[in-house]
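This report refers to the structure that appears directly beneath it.
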Amino acid sequence: MSLSENLRLPKPCPVCGSHNMRVPSTHNPDEKVHCASCRTYICLYSDAMAMLEKEPRSEEERLIEDVVNRDDRS
Ligand SMILES: [Zn+2]
């Protein structure tokens with residue numbers, strides 16, 4: 001039973017460069033966020049959330065754009 005979930009952070013892991021992190025599913029601000037690949041401690045969950053709030057959602061916007069562009073079946 002896994003009590004954590006994946007989260008993509010704008011800041012990469014200092015050890016392996018991965019952006020995929022494991023965060024506790026409890027979403028407790030005092031819980032620790034670890035790298036999903038090498039399990040290095042990255043930061044606290046509250047720090048990760050602050051990081052994500054600052055980061056513009058460029059990737060999500062690009063995905064929406066892709067969906068719109070794909071709609072030109074002629
Ligand atoms: Zn790592």
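Observations, loosely collected:
- For H34, residues with placed amide H under 5 Å, excluding near neighbours: R22, I42
- Among L3, L44, the order by Cβ neighbours within 10 angstrom, fewest to most, reads L3, L44.
- Within region 1-39, backbone nitrogen closer than 14 Å to the virtual label 7 Å beyond the Cα of S46 toward Cβ: 27-33
- Across all directions, the average flat footprint of the convex hull enclosing the Cα atoms of region 1-53 is 3.3 nm².
Where a number appears in this text, it was derived from the coordinates with a stated rule and is not lab data. Not measured: the values here are computed from a predicted model. We place every Cβ from the backbone using ideal geometry, glycine too, and count neighbours over all the protein chains shown.
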